[in-house]
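What follows is a set of notes on a single structure, which appears directly below.
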Amino acid sequence: MAANPAIATTVTIEPATSVIGAYVDGVDLRQPLEVGTVQALRAALVQWKVLFFRNQPITQDDHIRFGQYFGDITPAHPIQASLEGRPEIYAVDTREERVLFGHGTKRPPYAPPRVTRAGWHTDITFVANPAMASVLRGMVVPSSGGDTLWTNLVAAYEDLSAPIRELVDGLQAVHRWHGADGRTREGYDQSAPPPAAVHPVVRVHPESGERALFVNPVFTRYLVGLSDRESSQILDLLYQQLARPEFTVRFRWEPESIAFWDNRSTAHLGPVDLASIEVDRRVERITIAGDIPVGPDGFRSVQLKGELFS
């Protein structure tokens, strides 16, 4: 799908699948972007949920500037430490983890111990105003392995039967941080109760009006007002639904690649093969400030423990 020439003559958007993901060409993120280019990228993000850029040898300043076209840049993470000297940037580096956890340590996929399926999640949903979007930059990329997957939570919701959609439209779920892992940000009190928020199980996208599932097996703990058995079985159904391959796209990282995704309509799965191989991989992420999710019934997310993400 080409962008409207009247909006941006150089931007092209090429879908990666028919359901989710698109490759962007004709944009140099080292340079300031025109208003029309930003409009085209925002529209493509809402439509395709995650955008991929290749061959973008940007600096950290370029990275932050790009995010600022779409909103305010948040601190790197509510709990975990930022890159030293860059409070907006959250880095994940297997080389640093080997120093932290020990050489040869095969760190498990990103998920709390009780989660059996590997770490599908939407970023920082343990706060009542999760990031609107994330921009991840590939710095050091292995020759094989380390891929990331995204799933379209709108498509996953729309594929549910009408009775199930009607049921989940009126439900809320508690999301909670699963515990500090490694270094935490300066000033974070690890003895305090972990941050937690209540979100609608279905979120209405503030730009498109689409309804999307808004649960994930990493941070969602239980459904409000249901028995443990009912909560577990309904959540398991939704987790299986969002992880179905037909709603997903897989991205093969290359050096100087960038992924830009909409947290309001996606979940993603980080590399699941790094637990069994020892490779060097470094990525850096910034996040763009989000609003309070709203459900189809008008329920607005509420912070239970901790603070809003700002």
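The values are calculated or read from the model by the stated rules, or taken from the named source; none is laboratory data. What you see is a predicted model, and the numbers here were worked out from it, not measured in a lab. Please note: Cβ atoms are built from the backbone with ideal geometry, for glycine as well, and neighbour counts cover all protein chains shown. When the accessible area is computed, the model is the full protein with side chains, heavy atoms only, and any ligands, DNA or RNA have been set aside. Shrake-Rupley method; radii C 1.70, N 1.55, O 1.52, S 1.80 Å.
Structural remarks
- Among the candidates Ile73, Ile64, Ile89, Ile79, the residue that is in contact with a helix residue (DSSP H, G or I) (Cβ under 7 Å, 6 or more places away or on another chain), more than 18 Å from Val140 (Cα to Cα), open to solvent by less than 50 Å² (accessible area, probe 1.4 Å) and in contact (Cβ under 8 Å) with a residue 12 or more places away in the chain is uniquely Ile73.
- If you filter the stretch 126-175 down to residues that are closer than 15 Å to Pro255 by Cα and of a type in the set (S, T, N, Q), you find that the one that is least open to solvent (accessible area, probe 1.4 Å) is Thr148.
- Qualifying residue in the stretch 62-70 (condition: of a type in the set (Val, Ile, Thr) and not in a loop (DSSP other than H, G, I, E, B)): yes
- Positions within the stretch 222-251 being of a type outside the set (Lys, Arg) and part of a strand (DSSP E or B), in sequence order: Tyr222, Leu223, Thr248, Val249, Phe251
- Across the stretch 23-55, the qualifying residues are those that are of a type in the set (Asp, Glu) and under 18 Å from Ser257 (Cβ atoms), and the one among them that is surrounded by the fewest Cβ atoms within 10 Å (Cβ to Cβ) is Asp25.
- Residue ID - least open to solvent (accessible area, probe 1.4 Å), chosen from residues in the stretch 261-275 that are hydrophobic (A, V, I, L, M, F, W, C) and over 20 Å from Ser310 (Cα atoms): Ala267
- Which numbered condition Gly209 fails, given (1) in contact with a strand residue (DSSP E or B) (Cβ under 7 Å, 6 or more places away or on another chain); (2) open to solvent by less than 60 Å² (accessible area, probe 1.4 Å): (1)
- Failed item, numbered, when Asp147 is tested on (1) within 23 Å of Gly270 (Cβ to Cβ); (2) free of Cβ contacts under 8 Å to residues at least 24 places away in the same chain; (3) among the acidic types (Asp, Glu): (2)
- Condition met for Glu14 (at pLDDT below 95, open to solvent by 80 Å² or more (accessible area, probe 1.4 Å) and of a type in the set (Asp, Glu)): no
- The set of residues in the stretch 276-305 that are open to solvent by 30 Å² or more (accessible area, probe 1.4 Å) and in a loop (DSSP other than H, G, I, E, B) comprises Ser276, Ile277, Glu278, Val279, Asp280, Ala289, Asp291, Ile292, Pro296, Asp297, Gly298, Phe299.
- Only listed residue being of a type in the set (Ser, Thr, Tyr), over 29 Å from Gln190 (Cβ atoms) and at pLDDT 95 or above, chosen from Ser143, Ser161, Ser134: Ser161
- In the stretch 263-294, the residues that are more than 20 Å from Val92 (Cα to Cα) and in contact with a helix residue (DSSP H, G or I) (Cβ under 7 Å, 6 or more places away or on another chain): Ser265, Thr266
- Residues in the stretch 28-58 that are more than 13 Å from Ala16 (Cβ to Cβ) and not in a helix (DSSP H, G or I): 11 in all.
- All of Thr94, Thr59 fail the test of being open to solvent by 50 Å² or more (accessible area, probe 1.4 Å) and either aromatic (Phe, Trp, Tyr) or over 18 Å from the mean Cα position of the chain (by Cα) (or both), apart from Thr59.
- Complete set of residues in the stretch 176-199 that are of a type in the set (Val, Ile, Thr) and either open to solvent by less than 20 Å² (accessible area, probe 1.4 Å) or at pLDDT 95 or above (or both): Val198
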